[in-house]
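Following: one structure in structure tokens, then a few remarks.
The values are calculated or read from the model by the stated rules, or taken from the named source; none is laboratory data. No experiment lies behind these values; they were computed from the predicted model shown. FYI the Cβ positions are ideal-geometry reconstructions off the backbone, even for glycines, and counts take in every protein chain you see.
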């Protein structure tokens, strides 16, 4: 049996979620898991350019966790009968540990910094911004539908990690941070 990538069932602007419910493609649930998927692709790009094995391993773990969040968001909380993977407090703690390790080696921040300095650093900032957008979409969905709180918590911590990863890359790549100096 061959599997076709196109089904033509979404041609009229609807898509199915786990549990069989069909929703408009612009529904906040679709926006939420679609943005998590977009974030996962940006994390994959980071994984492709960062050479440190332990960071690559953490990024793979993050991608796995993002698939977990995406699967939960892609399921109808009422109709889904499928066993889905879960996110755990330890997943958040892993990010916090990585943030603390980076914080111990990067210079103290004295001001906001402008994104950039090296293409890899820019990749981190783009991923961080997409992560914040995913978090906002998840929180909007949670206003009206059941969403596990840990999903937003993980995304919040992940955006912090991505910022710190950009600072670590700045150090590793001997790039310069440009402090934001507001014109008053």
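Please verify whether the stretch 60-68 includes one or more residues that are under 19 Å from the mean Cα position of the chain (by Cα) and more than 23 Å from residue 100 (Cα to Cα).
Scanning the stretch 60-68, I find at least one residue that is under 19 Å from the mean Cα position of the chain (by Cα) and more than 23 Å from residue 100 (Cα to Cα), so the answer is yes.
Tell me which of these residue 122 doesn't satisfy, since it passes every other one: (1) in contact with a helix residue (DSSP H, G or I) (Cβ under 8 Å, 6 or more places away or on another chain); (2) within 22 Å of residue 41 (Cβ to Cβ); (3) in a helix (DSSP H, G or I).
(1)
Does residue 147 meet the test of being under 27 Å from residue 48 (Cα atoms), touching a residue at least 24 places away in the same chain (Cβ under 8 Å) and touching a helix residue (DSSP H, G or I) at 6+ places or on another chain (Cβ under 8 Å)?
Details: under 27 Å from residue 48 (Cα atoms): no; touching a residue at least 24 places away in the same chain (Cβ under 8 Å): yes; touching a helix residue (DSSP H, G or I) at 6+ places or on another chain (Cβ under 8 Å): yes.
Against the criterion (under 27 Å from residue 48 (Cα atoms), touching a residue at least 24 places away in the same chain (Cβ under 8 Å) and touching a helix residue (DSSP H, G or I) at 6+ places or on another chain (Cβ under 8 Å)), residue 147 does not qualify.
Restricting attention to the stretch 72-80, does a residue exist that is in a helix (DSSP H, G or I), under 15 Å from the mean Cα position of the chain (by Cα) and surrounded by 12 or more Cβ atoms within 10 Å (Cβ to Cβ)?
yes
Starting from the stretch 21-39, take each residue that is free of Cβ contacts under 8 Å to residues at least 12 places away in the same chain and list its partners that are part of a loop (DSSP other than H, G, I, E, B) and surrounded by fewer than 16 Cβ atoms within 10 Å (Cβ to Cβ), counting only C-beta distances under 7 angstrom and pairs at least six apart or across chains.
24/13
In the stretch 5-20, which residue that is without any contact (Cβ under 8 Å) to a residue 24 or more places away in the chain and touching a strand residue (DSSP E or B) at 6+ places or on another chain (Cβ under 8 Å) is farthest from residue 173 (Cα to Cα)?
Restricting to residues being without any contact (Cβ under 8 Å) to a residue 24 or more places away in the chain and touching a strand residue (DSSP E or B) at 6+ places or on another chain (Cβ under 8 Å), the top hit is 9.
Looking at the stretch 41-51 only, could you name the residues that are surrounded by fewer than 18 Cβ atoms within 10 Å (Cβ to Cβ), under 16 Å from residue 167 (Cα atoms) and in contact (Cβ under 8 Å) with a residue 40 or more places away in the chain?
Hit for the stretch 41-51 is 49, nothing else.
Looking only at residues in the stretch 150-184 that are without any contact (Cβ under 8 Å) to a residue 24 or more places away in the chain and under 15 Å from the mean Cα position of the chain (by Cα), which one is nearest to residue 116 (Cα to Cα)?
The selected residue is 156.
Out of the stretch 98-107, which residues are closer than 29 Å to residue 150 by Cα and surrounded by fewer than 12 Cβ atoms within 10 Å (Cβ to Cβ)?
If the condition is that a residue be closer than 29 Å to residue 150 by Cα and surrounded by fewer than 12 Cβ atoms within 10 Å (Cβ to Cβ), then 100, 104, 105 are the ones that fit.
Can you pull out the residues in the stretch 140-166 that are more than 19 Å from residue 89 (Cβ to Cβ), surrounded by fewer than 23 Cβ atoms within 10 Å (Cβ to Cβ) and either in contact with a strand residue (DSSP E or B) (Cβ under 7 Å, 6 or more places away or on another chain) or modelled with pLDDT of 95 or more (or both)?
Answer for the stretch 140-166, where residues must be more than 19 Å from residue 89 (Cβ to Cβ), surrounded by fewer than 23 Cβ atoms within 10 Å (Cβ to Cβ) and either in contact with a strand residue (DSSP E or B) (Cβ under 7 Å, 6 or more places away or on another chain) or modelled with pLDDT of 95 or more (or both): 140, 141, 143, 163, 164.
Residue 30 passes all but one of (1) in a helix (DSSP H, G or I); (2) farther than 19 Å from residue 124 by Cβ; (3) modelled with pLDDT of 95 or more; which number fails?
Answer for residue 30: the failing condition is (3).
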